[in-house]
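The structure appears right after this line, and notes come after that.
The values are calculated or read from the model by the stated rules, or taken from the named source; none is laboratory data. Everything numeric in this text was worked out from a predicted model, so none of it was measured. Cβ placement follows ideal geometry from the backbone for every residue including glycine, while neighbour counts extend to all protein chains displayed. The area values use the complete protein model at the heavy-atom level, side chains included, leaving out ligands, DNA and RNA. Shrake-Rupley method; radii C 1.70, N 1.55, O 1.52, S 1.80 Å.
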Amino acid sequence: MKCFLSPAAASVRLATSNPAARRHAVLGLWLLTLVLASVPARALEGTERFSEQYDLIYQIRDIASAASSKSAIGSGFAISADGLVITNYHVVSNYVRSPRGRNLEYLDQNGNTGPLTLIDFDVINDLALLRRSPPDHGKFFDIAADEPTTGEIIYAVGNPHDLGITLVFGASNGMVEHSYDPQILFSGSLNPGMSGGPGLNEDGQVVGVNVATAGSQLSFLVPAAAVRSLVNGRRTLDPEEFDLEIAAQLKTWQRNRIDNLLNQSWATKALGDRSVPGEIRNDIQCWGSSNDGDDDARMRRLRMSCDSGNRIFIGSRLNTGQIHFSFDETTSLKLPAYRFHHMIGGQRLRADNAATDKDVTPYRCEADFLEQNDRATNSFRRVTYCVRAYKRLAGLFDILFLGEHNGSDTSFSAHYTLAGIEQDLAAAFHERFLATLGWN
């Protein structure tokens, strides 16, 4: 292996008369040399090893026909001799949502372009299956039979920022812990444009598909098993079926996910003197806060917020699948009742998923009292339940719920949102949620 330094680096001189400074400078250059010698080695090795396969990796382009220009780009790769290509669903989502006036095409390593046909997609795992015509060379990537082991080196390849094919490497850290759907946690820097490119093992087999990054060497790959499932179960979808297919996939996913949640015990947490639902499954994480320790506080406030780790991307301004719930307990310490309730004010309901009025109807809400004002305790319990429908994904709804239990010196609220769910599942979740709170 050779290590090349730039002329500027090669001409560095230790122009100091301080022996300690000279020793530190020498040590610094020695460490720099080690870094230069070791870090690029793996990248250079991977680049040389996989360079012959770069012609199986494409830039995937979403073309706005009227403008004759690309409006979105990503990466993709060949997986069969007859021209099948894998990419991310989100790379082609604009086409899926508005196929009229748009086309999909590939750009290969030699600058050649050609049309792509969308065959099928998996919106849950963010995958899409395309076909290029004619197929190229008959060569393609093999899909690995096994998941990468923790610590195994993965080489992620794609076309970041339209700069050309680029390879980055990093370690597999196993599956993401707090996710309902499997994702590989990858210690590498994926960048925009690399979405849909392959993650390769040492043998050049696909172990995952680049999908997202959280920055700071934290990225995510869709496991190869999801690719195999999409390819083996593929159909050829007509653009008129796209919305029906998205709705069907979301319904199947939500039914399995919510049924699983309802058929297990729910862990609870203490919020003051109350018991509330907590991390009821591994993909739901909770965070809490309080103002305990503030000697000048006029109210004591406890809060807990819990969220699922899954967010399903449908379009640029539409995502769904969230489960969120939160609790807020406020107790007066130094305030009379009228002042206390004036200061805490009303509770606000808001959705946790992005959607526009083109995607969903306005919320329709109903409010009712579980317990009318009790003169002895000066307390009441009230619930508000809101529903909005998806306009293009028939049978799916977003749900907002707010429950309030207020007394003369205490206010407690429980709030949840469910996104992209059928109404019978929402009703079952609602019943379980209230039962866990001890509300009828």
Give, in nm to one decimal, the length gained when the segment between Cys365 and Lys334 is fully stretched (0.36 nm per residue of separation minus the Cα-Cα distance).
-> 7.7 nm
Given R₀ = 35 Å, FRET efficiency for Glu177-Ser65 by Cβ-Cβ distance, to 0.05?
-> 0.20
Residue separation times 0.36 nm, minus the C-alpha to C-alpha distance between Arg255 and Lys139: what's the value?
-> 37.8 nm
Partner aspartates and glutamates whose C-alpha sits under 17 Å from that of Lys391, ignoring same-chain residues fewer than 8 away, are Glu240, Glu241, Asp243, Glu245, Asp357, Asp359, Glu422
Shape of the stretch 109-255, Cα gyration tensor, a/c cut at 1.5 = oblate
Percent accessible area from carbon and sulfur atoms, the stretch 99-170, protein chains only, probe 1.4 Å = 46
When the accessible area of the stretch 208-299 is split by element with a 1.4 Å probe, what percent falls to carbon and sulfur?
-> 45
Once both labels are modelled 7 Å past Cα along the beta-carbon direction, what's the Phe380-Glu105 spacing in nm?
-> 6.5
Near Lys70, which aspartates and glutamates are there with a Cα under 12 Å away, not counting those fewer than 8 places off in the same chain?
-> Asp62, Glu105, Asp162
If R0 is 35 Å, what FRET efficiency do you get for Ala270 and Ala427 from their C-beta distance, rounded to 0.05?
-> 0.80
Loop trypsin sites (Lys or Arg not before Pro), the stretch 88-192 (other Cβ atoms within 10 Å of the site Cβ: 15 or fewer; DSSP) | Arg100, Lys139
q = 0.21 Å⁻¹: log10 I(q)/I(0) that the Debye formula gives for the stretch 226-273, counting C-alpha atoms only | -0.89
